[in-house]
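Taking it in order: structure first as structure tokens, then the write-up.
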Amino acid sequence: MKAKAKQEDKKPRCLVLAGFGLNSESELAHAFSLAGAQAQITHFSDISSGAARLSDFQILAIPGGWSFADDLGAGRIFANKLKSSFKDQFFEFASSGKPIIGICNGFQVLAKLGALPNISLSFSQEATLAANQKNRFEDRWVYLAPQKSACPYFEGIRILHCPVRHGEGRFMMRSEKEIEALEKNGLVVLKYCDERGNTDVGYPQNPNGSPHGIAGICDTGGKIFALMPHPEVAVRRECFPRFREGISHERCSLRFFENVVKAAKRHL
């Protein structure tokens, strides 16, 4: 019994990737620390040089930003550089079932890397995040409704409230049929919604025009997950635009990170 309690008290290690224009690593590390992880910001070059190894961690988190200035499409160059630098380490980590989280630019990277949704299990690109439908950068707070999905990270969460800040966030696949299959197979995890959780919304509640209001997806195993909005900046009530009126949802954002940490503890 004591050994089990000691194991539960151990903190999983979370590697928060940094470098080449990613710029939300501090907020993401802070959120995971609040949720009970031992978060470590690690530069990309430390992994590619061998100074740090992914296998020493239980969570991999890729934050938002503008890696390589979004040249050739958001996340494209970063994904290619990851493939050429530590592809085997990444695929080994992904195959282990340990949580991999991507936020904003991290979502774009994982999609172009082929890690999401990875229906074919071949790590070939199946989706992308295209330019917002209004063809302009969106910086606003949105509501998100968790869907019934393969992803375990939203247990006990009814709604999220957090900001988006991106120019390329419109989720796209090759055809409407593929998107419908994504939903049918439980890989659509989050949808944009209104304050009451209604997902039948247009702009600005759906800020980028994603079909079916898709804001976040997972892989077939449910452990690789990414979303365009930023829950890491919504873990304290003072961050919310109406907190002085007593309106905030920090508990929901924090619960998401706690659920990821809970899943990671199985790999200690």
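Here, each number is a calculation from the coordinates, and none is a lab measurement. Computed from a prediction, not measured in an experiment: that's the story for all the values here. FYI the Cβ positions are ideal-geometry reconstructions off the backbone, even for glycines, and counts take in every protein chain you see.
Count the DSSP beta bridges whose two residues both fall in the chain, then state the antiparallel fraction as a percent rounded to the nearest 5.
Bridges in the chain that DSSP calls antiparallel: roughly 60 percent.
Order of 196-206, 162-172 by packing, highest average Cβ count within 10 Å first?
Working: 196-206: 14.2, 162-172: 21.6.
Taking the mean over residues of other Cβ atoms within 10 Å, the ranking is 162-172, 196-206.
Give the aspartates and glutamates whose C-alpha is closer than 19 Å to that of Lys265, dropping any in the same chain fewer than 8 places away, or say none.
Excluding near neighbours in sequence, the set is Glu8, Asp9, Asp56, Glu92, Glu155.
How high is the relative contact order of the chain, given as a whole-number percent (alpha carbon pairs under 8 Å, six or more residues apart)?
In percent, rounded to a whole number, it is 21.
Run the simple label-point estimate for Leu268 and Ser49 please: 7 Å along Cα→C-beta, distance reported in nm.
3.1
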